[in-house]
Each structure stands twice: as structure tokens, then as C-alpha cells.
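Encoded as C-alpha cells, the structure appears first; notes follow it.
The values are calculated or read from the model by the stated rules, or taken from the named source; none is laboratory data. None of these values were measured; they are calculated from a predicted model. As a convention, Cβ positions derive from the backbone with ideal geometry for all residues, glycine included, and neighbour counts pool all protein chains shown.
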Amino acid sequence: MQKTAKRHRPLKFIEALAALLVLALVAVLSPASASPLDAAMDKVFTVRSNDSEDRFLGSAFVWADGTVAVTNAHVVGTAEEVRLIDRHGTDLTALVIARDPVRDVAVISLPTTTEGLQLAENAPALGDEVFALGAPLGIEFTLTEGRISTLARQTDIAVPMLMLQHDAAVNPGSSGGPLVDAEGHLIGMNSQIADGSRMFVGIAYAIPTAELQRIVQGLIEETLPPFPTLGLTARPVDRQIAETLNLPAQGLLIDAVAPGSLGETAGLKAGDIITQASGTTLTLPGDFAFAIEAASADGEATLTILRSGQEQTVTLALTDTEPTGLRTREAPRAPATVTSYTFAELGVTLDDKGTVTALTDNSPALLAGLAKGDRILAINGTAQDLATYQLTAPALLLLQSPGGQTRHIRLDPWHAPEGVRPVGGANVLDPDVVVF
């Protein structure tokens, strides 16, 4: 019996070794399971126009419930149908069922339910590694890596949105693509690049998942109040304006109120300074958009304003409207030479109604934004006798253009502007002015 046992022992060892070799070979030859990022890329689409032009529009991805795709509103524009193409070549014609142009989110119905991107359970932290998936510059199904550089950045003071800032490379075409963590879980949707050239310079912005969840569900269920257009053109009360008017550097100065708008109905006027909205003090310019969004559920907002130095309260009705944009201007300075100026000394010729009939080419008022045909309504919030008025300090002028639009300019004769000359009675650039 002992001899028999000894004789079979080497055979059993060889059989065991052979079994291990077979298992190892199977493991090597078997297809590897997809990595989390690879699996996430399977849920990304390129978006193209559903017409004969077949234009590339941007990126999109399958939402968590698997019934819809999500992208930016600026990707689909006004299109009612688009084509969604995944990296395996599946080409779907899909219906755009909802869009929010202000918050820049659009929802696209999918023909069949599929597996969506899982939402990250925890909010990202500063410095977390992130991955941007999409089609930058039309280069399909590209992944780039970066880190969260800021957790809550308001990129447009007229929009109530705090974005994730990161440095994963994104470019035109990346819009609407997902921003995911190392597990392939969704933490945001890439939406903006922080550069006027539209090319990546190290700063990109994504709508965070928590905001997306609120907006997407609200759009699908038709419970999200549209952000109202107020018909106001306003600028932050910056340090220079505040010093000119002897006020704190906070709030919004109204440049113009559109006829027939919500702002005009509320009684707002050019020259008013909004200091509070529904109990929220406008410490930062962007506070106004958040206050208006919060008040939308009630259908109205109570505004505290300064008019000619006097505090007043107005009620602003809030209804469904569309989004708005930006404009701006700047003006550098030079040493003081005299202590006071009349308008004539500034090269400005006025008629008896305060309308500009002529300006010299080197007039400081021209480069500050004054144009022929403008009428000067007020200086520092008060009507003045313009024939005798002397500027002894920088002044804030309320103007009315020939078309009836009103706006403010800051006139400082003691400093030589290097700004842009006005075109057609309006300034070409003015980064301080925001339309609500």
C-alpha cells in the first residue's frame, strides 16, 4: 500500500500543475473587463444636426435613468431633432424634449432605454482628479485628465449657477460631455471655457451633478421655473462709481429699462441702484440672480432701491421669459491738469435740451462713451443746468440715445481714456454691463 501511494504522488502533482497552467492561460486569453472610464465612454455621444448639412454640434451623455441624454442648450440651439452617435457607430435620431437657455441645459429623449452614467454619491473636493469625456474640436470620444481647481465659481452674474472649475482640457465640441471621477461616476457636465478665444487655456467649467439633477428633473417634470428676463441693463456699483456717488461699493446701477418689460412695469428707472432683492443684500453683483431665482417660486420679488439718494421699495413681478447677455467698456487715466471743466471746454456742444450736437475728435467725453445725438438727462442722479454746469470731479452721466435707450457713462476729464470709440451711439465693449 505504501509503495502504491508513493508511485502515484508525482502524477497528482503534475495534474495539479497542469490545471494551474490552464487557469492562467484562460485568464490571459480571456477579454479583460472594461475599466470604469472605458465603460463611461460607452455612454457618451457626439451630437450632429439631423439635416442635409450633417453639422457636428458637440457632445452629450446618457443620463442616470437611461431614458434621456443630456447636453448643453447651446449645443442643440433651437433644433427639435438631433442625431446621437456612440463610439460603436450606433446612430440614433432623437427628439429634444426640453431646454433651459439660461442655465444652459437640454434634455434629449432616447428611442430605447439603456444604461446611464451613475451619479457620484459624494460631491468632489478641491484637488480631486477628474476626467473630461467628449469630442473637443470634433475629435470624437476623447478623454482628458485634470483636477478640480475651484468648487463654486459664478461665471456670469446674470445666471444663478455655481460651476465646478477644473483644468482637464476641453475645447469647442467638449460642451455637453460628462466630467467624471476615476470610477466613471458623473460629477458634472462640461459647459464653458474661460477664454475669449474659445480655446482651452487651463480653466474650464462644468455644471455640477447636484445642479444638473435639479434642472434635468425639473425640465422633464415641467416644474422648473424659467429664469425671468427683467428688461434691465445694469452694472455693478464698483469702487469708482461708489466713490463718485459717495455710496458703498455694492449693488447694481440700472443703465436702461426696456419699454414694456417687467422692470418698467415695476417702476424701475435708469439711475436706480438696486441694493436688496427679497431681503438679500447685494454684497456681490451675482447675488441678484440667485435672489431672483429664489423669488420666482413666489411669482414676485421685493426690491430695495436708491433713487436720487432716497431709499424706496418696489415689487417686481416675475414671469416666464428668455435669457440675456453681456456688454462692456473700459477707460484708463492721466494726471489732473485743471480743477474744473464745462462741457464746452470738453469739446461737447449741447442744444437747449441737453442733446449733443457735436463733439471734437479728442474730447474725453467721446472716448468715455458720449455720442452725437445723446441727450444728457442727469449728472450723479440729478438734473442739472448743463449750460453752466462745472465738472469738479468724475461724474456719472445718465444719457438717452436718439432711439430712446438710456445708459450711464462715467466721465473723468482728468484721465485720458484708451477705450473703444462708440459705434452707433453705443459702446463696442463694456464688460461691466449685464443684461437681466
Candidate set: segment 346-384, residues that are touching a residue at least 40 places away in the same chain (Cβ under 8 Å) and out of contact with any strand residue (DSSP E or B) (no Cβ under 9 Å at 6 or more places or on another chain); chosen: the one surrounded by the fewest Cβ atoms within 10 Å (Cβ to Cβ): Thr382
Check His88 against each of (1) modelled with pLDDT under 95; (2) touching a Pro at 6+ places or on another chain (Cβ under 9 Å) and name the one condition it does not meet. (2)
Test result for Pro208, out of contact with any helix residue (DSSP H, G or I) (no Cβ under 9 Å at 6 or more places or on another chain), surrounded by 18 or more Cβ atoms within 10 Å (Cβ to Cβ) and within 30 Å of Ile108 (Cα to Cα): yes
In the list Thr112, Thr155, which residue meets the criterion of being under 30 Å from Gly89 (Cα atoms) and out of contact with any Leu (no Cβ under 7 Å at 6 or more places or on another chain)? Thr112
Among the residues of segment 220-228, is there at least one that is in contact with a strand residue (DSSP E or B) (Cβ under 9 Å, 6 or more places away or on another chain) and assigned to a helix (DSSP H, G or I)? yes
Members of segment 182-191 that are crowded, with 21+ Cβ neighbours inside 10 Å and either of a type in the set (Asp, Glu) or under 17 Å from the mean Cα position of the chain (by Cα) (or both): Gly188, Met189, Asn190, Ser191
What single numbered condition from (1) on the phi < 0 side of the Ramachandran plot; (2) touching a residue at least 60 places away in the same chain (Cβ under 8 Å) fails to hold for Gly231? (1)
